[in-house]
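Written below as structure tokens is the structure these notes are about.
Throughout, read-outs are computed from the coordinates displayed, never taken from laboratory work. This structure is a prediction, so every number in the text was calculated from the model and none was measured. Methodologically, a virtual Cβ is constructed for each residue, glycine included, from the backbone with ideal geometry; neighbour enumeration extends over all protein chains shown.
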Amino acid sequence: VDAFQAWCGPCRTVVDLFQKIRNEVGSNLLHFAVAEVDSIDALEGYRGQCQPVFLFYAEGELVAVVRGVNAPLLQKTILEHL
């Protein structure tokens, strides 16, 4: 989940990375979503940050958090949790 604030919008540069990985591992294993933290109370802890935050869930549980756009770390995190 790309957790973003309305003033900066979702991180568009990472969408290509997720699509590439999704094509490699299969579409049923990886799902990408965006969430505006200003409108979701459960994500209020991510408000006020000036960098993107990526939340990784497996079976409904938060398993990893990556702050900032670090493509190698994002890819590593995704593959570790698949």
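Structure above, values below:
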quantity: Residue within the range 8-28 that is in contact with a Leu (Cβ under 7 Å, 6 or more places away or on another chain) and basic (K, R) present; calculated: yes
quantity: Pairs where the first residue, in the range 10-23, is over 16 Å from V53 (Cα atoms) and the second is surrounded by 13 or more Cβ atoms within 10 Å (Cβ to Cβ), C-beta under 7 Å, 6+ apart; calculated: I21/L30; I21/Q75; I21/I78; R22/L30
quantity: Long-range neighbours under 7 Å by Cβ, at least six apart or interchain, first residue over 13 Å from F56 (Cβ atoms) within the range 24-37, second of a type in the set (D, E, K, R) and surrounded by 14 or more Cβ atoms within 10 Å (Cβ to Cβ); calculated: V34/D2
